[in-house]
Amino acid sequence: MLAMNKIKILGITVITIVATIIVTSCKDKRSTGWEYAPNMYEHIAYDPDQKNDNFKDGKTAQLPPAGTTPLGFVRFDYPNTKDGYEKAGLEVKTTLPQTQANYADGKILFEHFCSPCHGVNGQGDGLVVAHGYPAPPSYSKGQSSRGGAMKDLTDGKIYHTITYGVNAMGSYASQLEPKERWKVIMYVHHLQTL
């Protein structure tokens with residue numbers, strides 16, 4: 001008797017499954033079925049290239065308001081000119097604390113980005129000089145192409161030079177974020193004393 005009930009239950013289950021498959025397969029063939037998370041397919045936000053009636057010009061991508069600063073961006077309002085260089089030299093000072101950790105980071109960054117030209121000790125004897133490129137001036141003994149001794153360069157002048165570059169040295173603004181530039185400057189000040 002118990003075996004008969006098991007066969008009946010199994011039979012009813014199979015018939016139910018088959019009936020469900022037949023009923024659901026007879027639906028509209030163009031249907032994609034149930035959507036588990038429709039917001040992944042039909043997002044509310046506008047794409048930048050989409051038309052947008054919320055703005056007068058109908059564009060989604062808008063220019064930011066004048067005078068705004070993007071999150072995480074550090075403004076450096078000194079132009080890439082001799083006057084901008086001199087003004088930065090007088091006004092710009094580091095706000096980064098003089099710690100051993102920052103100094104160590106500055107040394108590593110200098111060795112990776114600056115030593116190929118300036119040399120490990122900042123004497124202008126990097127690897128590129130061995131390949132025929134002109135030697136940059138020594139930090140402790142050389143003269144700046146903008147005037148004055150390299151050992152007297154201030155925070156602002158070095159920051160300006162890293163940001164914009166000078167002569168054969170290109171800008172390192174895309175390689176070194178502002179905080180990293182200050183760490184390099186901290187290490188350069190050490191090299192100025194050698």
In the set PHE110, PHE55, PHE76, which member is at negative phi and modelled with pLDDT of 95 or more?
PHE110
Within the range 137-176, how many residues are free of Cβ contacts under 8 Å to residues at least 60 places away in the same chain and closer than 20 Å to ILE108 by Cβ?
7
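Taking the condition of a type in the set (A, V, I, L, M) and touching a Gly at 6+ places or on another chain (Cβ under 9 Å), does LEU176 pass?
Numbers: of a type in the set (A, V, I, L, M): yes; touching a Gly at 6+ places or on another chain (Cβ under 9 Å): no.
So LEU176 does not fit the description; no.
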Please go through the range 159-184 and pick out each residue that is surrounded by 14 or more Cβ atoms within 10 Å (Cβ to Cβ), farther than 16 Å from PRO137 by Cα and of a type outside the set (D, E, K, R).
TYR159, HIS160, THR163, TYR164, SER171, TYR172, ALA173, LEU176, PRO178, TRP182, VAL184
I'm trying to understand the selection: among the residues of the range 119-134, which are of a type in the set (Gly, Ala, Ser) and either touching a strand residue (DSSP E or B) at 6+ places or on another chain (Cβ under 7 Å) or surrounded by 17 or more Cβ atoms within 10 Å (Cβ to Cβ) (or both)?
GLY119, GLY122, GLY124, GLY126
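Pick out, from the range 104-192, the helices (runs of 4 or more DSSP H) lying fully within it that include 1 or more residues that are under 17 Å from PHE76 (Cα atoms) and in contact with a Pro (Cβ under 9 Å, 6 or more places away or on another chain).
Working: elements: 115-118, 127-130, 155-164, 178-191.
Counting at least 1 such residues, we get 155-164.
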Restricting to the range 111-136, count the residues that are farther than 21 Å from THR163 by Cα, in contact (Cβ under 8 Å) with a residue 24 or more places away in the chain and of a type in the set (A, V, I, L, M, F, W, C).
0
Under the condition of being touching a residue at least 12 places away in the same chain (Cβ under 8 Å), loosely packed, with under 14 Cβ neighbours inside 10 Å and among the basic types (Lys, Arg), which residue from the range 59-110 is nearest to GLY147 (Cα to Cα)?
LYS82
What is the residue count in the range 43-53 for residues that are surrounded by 10 or more Cβ atoms within 10 Å (Cβ to Cβ), over 26 Å from the mean Cα position of the chain (by Cα) and in a loop (DSSP other than H, G, I, E, B)?
2
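Test of understanding: among GLY106, GLY67, GLY11, which residue is touching a helix residue (DSSP H, G or I) at 6+ places or on another chain (Cβ under 8 Å) and of a type in the set (Gly, Ala, Ser)?
Numbers: GLY67 fails: touching a helix residue (DSSP H, G or I) at 6+ places or on another chain (Cβ under 8 Å); GLY11 fails: touching a helix residue (DSSP H, G or I) at 6+ places or on another chain (Cβ under 8 Å).
Of GLY106, GLY67, GLY11, the one residue that is touching a helix residue (DSSP H, G or I) at 6+ places or on another chain (Cβ under 8 Å) and of a type in the set (Gly, Ala, Ser) is GLY106.
The values are calculated or read from the model by the stated rules, or taken from the named source; none is laboratory data. All of these numbers come straight from a predicted model, not from anything done at the bench. All Cβ positions, even for glycine, are placed from backbone atoms using ideal geometry, and neighbour counts span all protein chains on display.
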